Amino acid sequence: MILATVAELYDEVEQHVGLERNRFREESELDALAEVFAEQIQSTSSFWIERKRLTESVLKQASTPQELERLVVKAFGDPSGFHGQVDNFTVMWHRRHVAQSMSIAPADNSGDGSGGVIEMQLRAAAISLNTLVLRRLNRMSIEMSTPLARRRSVAEEAAFMASSDNEYTAELPSSLLQNDCFPSKGWGQDMPKTCLCDDADLLEAVKAVGMRAQAAAGQLSASQTQQPKQGKQHRHGGYDKFWTCLSVSTQTTSLEEFRMRFSELHPQFKHIGLDDTLESEALTGPNPGDVFVAAHIEVAEAALASGSSRAARQLAKHGIPPSLRPRLWDLMLQSDMTEDYSVHVARTYTRLKVMASRYDLLVDRLVRLDAKHASNDDGYFVFEDMVREVLLLWTRDVWMRRVLPLDPTNALGSNNNWSIDSSPFPPSGVLPVWGIALYAMPVCFLHGSAGHAYMTFREMYARYFYNLHTVSARPGGLFHLCQTFETVLKQADAAVYYHMATTLGLEPLDLVFKWILYGFVGVLDCEQVLLLWDRVLGYDTLELLPVTAAALVVFRRDQILQADSVQLVQVCACV
Amino acid sequence: MPPIKWFTDIEKSCLLTNFEKRGWQRGSEGMLLAPDTSSGSSSSDSCVVANRESLSTDDWNFYWAAPGVHNFRAIMSPESGYRLSDAQIINHFPNHLELTKKDLMVKNIKRYRKEFEKDKERMAQTRYQYIDFLPTTYTLPGDYNLFAEEFRKNPSAVWIMKPTDKARGIGIFIINKLNQIKKWSRDNKMQWSYANCKDTYVVSRYIDNPLLIGSKKFDLRLYILVTSWRPLVAYRHKQGFSRFCAVKYNLDAEELDNSFMHLTNVSIQKYGVRELDALPRQKGTMLTIALGQEDYNENNGGKWSFKNLVLYLQAAHGHEATQRLLDEIDSILIHSLRAVQSLMTNDKHCFECYGYDIIIDADLRPWLIEHCLINDIINLVVPEDLADAKCGKGGVAGKTKKDWGEFVLLQDDATSDKARRSRTPA
C-alpha cells in the first residue's frame, strides 16, 4: 500500500513537471526532461519529508486503494500543498539550467549560420576579457607578493572569527581614497583603481565584439581603394555605424513588443512607488487611509499564503510594498525545497563563514576595497559592514560554480597555482568586477541579518547580476542589453540620439552604460532602485534596465537637447 | 507688495544664500544699534539727532536672531518699549528654555504626564496614547537621594549624565556605579547644594538596548516648527535623519567610555578628538578617545535620511510595527509641546524651530532624549511661504498644503477649534 502511494506521488510529480515543460519541448524530449526534473525533486530533502508526511496522513484516513488515490491527488493539488512547491521548483530549475543555454539571434534572419558567427564573436570577446582579468590577477599577486589563496593558521582563523565584522582593514592597500567616486555615478574618474575589471573594460569589450572581423574587412577595402588608414575615433565613421557604437547587430525587442510584454506597467494600472505616494498626499488628515496600498497588501498576503512564485511575480509587476518585499522576493527567488528555510540559511551561512575564516584569498582584498564604496554613499553607508560580509561569503560559495553558466574552458581553477587543498580558486568560480559591492547594497535594505541578505544576494547574483557584467550570447547578457538600449532609444526618440551622437559626440550608450551595468544602484534613490528591481523580478528579465535607461534619457530630453557640451549632458542626465 | 527685508545677527552663509534665493533684501536694525559714542563732539550734534530718527524706524520683516544674544532679549523685553509691527516676525519665543533646557524640559514633561494620566477623559479623546516616552530622569544635585534610591533598585542599569545647559555632546558621560558620581562631584570640588552649584546635571536611564542597524547605534533627529502656542499650531519637517555612530555598538563595561560608540552627535563623531580633548580632563569619568577620525565619513557625516530608515524598518520589522513606531514618535512630538503649551509666552510675531533627539530601542519603542533650538538651518526648516503668510496674508494654516514645502502639519488647534465651534453653536 505504501508503495502504491509512493508510485502515485511520483506519477503526480512527473505529470506535473511534464505539463510545466510542454511549452518548450518536443514530446519526446518532454519525457526525458520530466525524468530529469523528477530526479532533481527527489534529491531535495523537502520531497522526502513531504512524502513521509503524506504517506502517514493518507494511510490513516484511507481504507480502500481507490480512496487512497483520491486522497493523494487531493492532498497534492491542495493550494498550499506540495503541488505549489513542485511548481516553484520546476520554474526555477528551468530558469537556472535551460534558459541559460539559450543564445540571442542575429538581427537579419538570413539563416546561413550567422547566429553561430555572432555567438563565436561574443565568445571571443569574453575570452579576451577573461585573459586580461587573469593577467591582472597574476600581476596583482606578484606585486602584493600575496598568494592567490592561503590557508590561515589556527590562530589567525580564531582571530578572524573573533573579529565579528571581518574587518581586516590593515591588509588593505591605501590606494583607495575615501572620497573616491561611487562606481555608477562618477564621470571621467581616471585615477588608478585596484581592480581586475572595471566598467571601462567592459564597455570596451562590448564595443569590441566582432570588431576584429570588421577591421579585417575594412583593411581589405582600404587597401583596395588606397585610402589612408582611419584613426581610432573614426572607426565608426561609416554610415552603417552612424546609429550605433556596436559592431554586430542582434535581434532585440522593439518598442511595440515591449509595450505588449510589459503591459502591466501601463499607467492605467496603479503602481507601488507612484500611486501610493499620490494617495497619501491627496488625503489630508493625520492618518490617511491608504486605500490602494491596503488592497495591494491584501493581495500580496494572499500570494504569500499560496506560496506560489507565479502569483508573487504577477504582483511584483505593480511593485511591492516595502514591508512585504523581503518575503515576496524570497518567494520569487528561493525555491530550493528545503524543509525549513531559516535552518537552511543558518546552515549555509555558518558553512561559508567557516570557509571564510579558513582561507585568505587575494580577491578578499578587492572585495573589501569594493565594500568601502558603501561608505561614500549617503543611502548605503549604514550597510558597509554587511556588504563586506556578504561579498566575503560570496567568494567562498561553491554553489555559484554549480549554478552559473561558467565557461568550462575558462582557465580559472585548472591551474595548480589557483587551487588549495585541491579546491579551485576562488571557490565561487567568479572574480569580482569593479563595483561588485553595488549589487549587494540594495539587498541589505531587505534583511537585518547577513545570512538572509546573503541568500537573497546569491540568487540575485546567479540570475541577474552575473549577466550584467558578463559578455555572452545569452539573452539578457550585457551585450544584448546594450543593443536593446540603442534600439529602444532610437525608436523612441531619434532626435535625442542624433543630438547626442553627432552634435555632442557622446554615444548614448557611453552615458547609460554604468546605469545598466550596476542596475541603477547609486543612480536612482535607494527606494526607486528596489521598486525597479521589483519589476525586474516580476518580469524575470533584465531587459527592463535598458528600457529604463532609454526612458530616463527621453525624460531628460529637453535638457539634453539644450546642452552644448558632454559635461552638461552628464550633469543633467544624472538624476 | 514690497520685497521682504531680513535681518540677522548670525552671519552664516546658509542663511544668507537662503534669503538671496527667496529674493529678499537685507534690511537694517533700528533702535537696537549701539549709540555711536565715537562721534560725541558738539559739531556733529545735528547728525546724531538725524541718526536717532533713522534708528527708530527699523527696517526688517524677518529677523533671524541667535538665541540669548542681547538683541533678541532687547526686542522681546517688555521694558524696551519696543513693539513689533504686524509685518515683523522673529525666530524665537521669549521663553523657549522651558522646552530646550534639559532640566526644565524634564520637569515640565513629568508634570504634564501626571496630569494627562489623571485626566482619563482627555486620554480617551486622543489617538496619541504614548506618553511614557521619557527615560527615568533625575536632576542633580537636587534629586540625588531619589536617584540613589532608584539606582540601588537596579544595580545593573547604566545611566547617562548630561549638563543641563550644554549642547553637542559636551560634558556627557556614562556611569554604571554610584561612586562615579561621587568622584565626579569631588573632582568638580562641588558641594551638593543649590547654593553653590552652577552646573546642574540631569541623569537619565541610558537606553542600553538601542535598535541597531548594521550593528551600529543611531538616534533620530526630527524638526518641528511652532508658529503659535495658543492655539497650538505645529509642523513637522519631512526630512529628519538618523545619525549613526562610527563604530559597532556593544555594552561592555570597558567600552562605556567610548563616546564614538555611544554618542551619536555629529560633532562628537566628527570632531570627537579635538573637542573633547579641549575639555578639562576629569579623572576616570571623562571620555577617553581610543579612535582616530578615519571612521568619520565626510560625504555623509553618518547621517541617514528618515525616508531610508522607514524603508528599512518596513522591510525588517513589518508594516504594523513601523506604523506604530511612527505614531508613537508623533505622540512624543505633540505631548512634549503640550507639556509646555501653557507656559510659553504666546506672541504672534514669533515662531521657533526645535530639533528633537529620539532613540529607538530594540523593541521599536521611541524615547525622547532631548530638545534643542535650531538656529542655523533655515533652508531646511522654514517653509517657503512662512514669512509671507505671517507678514499679513493671514496665517500659515490658511494656506494650501502645497505651499508648506517639506513641512507637514503635525497639530493645528486653530483650525480644529474653529471647526468644533462651528459644529456646536453656543
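The values are calculated or read from the model by the stated rules, or taken from the named source; none is laboratory data. The shown structure was predicted, so the numbers you read here are calculated from the model rather than taken from an experiment. Because the Cβ atoms are built from the backbone with ideal geometry, glycine has one as well, and the counts that use them run over all protein chains shown. Just the protein is used for accessible areas: all its heavy atoms, side chains included, with ligands, DNA and RNA removed. Shrake-Rupley method; radii C 1.70, N 1.55, O 1.52, S 1.80 Å.
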Worksheet item: What is the spin-label model distance, in nm, from B:Leu16 to A:Arg150 if the labels are put 7 Å beyond Cα along the C-beta direction?
Response: 5.5 nm
Item to complete: Using only atoms on other chains, find how many Cβ atoms lie within 10 Å of each Cβ of peptide B:316-328 and report the average.
Response: 2
Worksheet, complete the sentence: Rounded to whole Å, √(5λ) for the Cα gyration tensor eigenvalues of the stretch A:316-404, largest first, gives 25, 21, 11
Worksheet item: What distance in nm separates the simple spin-label points at A:Lys74 and A:Gln314, each placed 7 Å from Cα in the Cβ direction?
Response: 2.6 nm
Worksheet item: Per residue of A:320-326, how many C-beta atoms from partner chains lie within 10 Å of its own C-beta, taken as a mean?
Response: 5
Worksheet item: What FRET efficiency would be calculated for the residue pair B:Arg111, A:Tyr341, taking the C-beta separation as r and a Förster radius of 56 Å, to the nearest 0.05?
Response: 0.65
Item to complete: Please give the length that would be gained between B:Arg26 and B:Lys182 if that part of the chain were fully extended, namely 0.36 nm times their separation in residues minus their C-alpha to C-alpha distance (nm, one decimal).
Response: 50.9 nm
Discussion item. Take B:Arg230 and A:Leu568, extend 7 Å from each Cα along the Cα→Cβ direction, and tell me the distance between the two endpoints in nm.
Written reply: 5.9 nm
Item to complete: Would you mind giving the total buried accessible surface between chains A and B, with a 1.4 Å probe and ligands, DNA and RNA left out, rounded to the nearest 100 Å²?
Response: 2200 Å²
Worksheet, complete the sentence: Taking B:177-183, B:153-159 and ranking on average Cβ neighbours within 10 Å, highest first, one gets B:177-183, B:153-159
Worksheet item: Can you work out D for the stretch A:420-575 in µm² s⁻¹ from Stokes-Einstein, where Rh is the Kirkwood radius over C-alpha pairs, the temperature is 37 °C and the viscosity is 0.692 mPa s?
Response: 196 µm²/s
Practice prompt. Provide the FRET efficiency to the nearest 0.05 for the B:His319-B:Thr126 pair, computing r from the beta carbons and using R0 = 30 Å.
Written response: 0.85
Worksheet entry | Modelled FRET efficiency - R0 56 Å, A:Ser141 with B:Leu326, Cβ distances, 0.05 increments | 0.60
Practice prompt. State the extension gain, in nm to one decimal, for the chain segment bounded by A:Tyr498 and A:Glu257, taking 0.36 nm per residue of separation less the distance between their alpha-carbons.
Written response: 84.4 nm
Fill in: Average beta-carbon neighbours from other chains, 10 Å sphere, peptide B:305-314
5
Worksheet item: Using mean Cβ contacts within 10 Å as the protection proxy, how do A:299-306, B:86-93 order, highest first?
Response: B:86-93, A:299-306
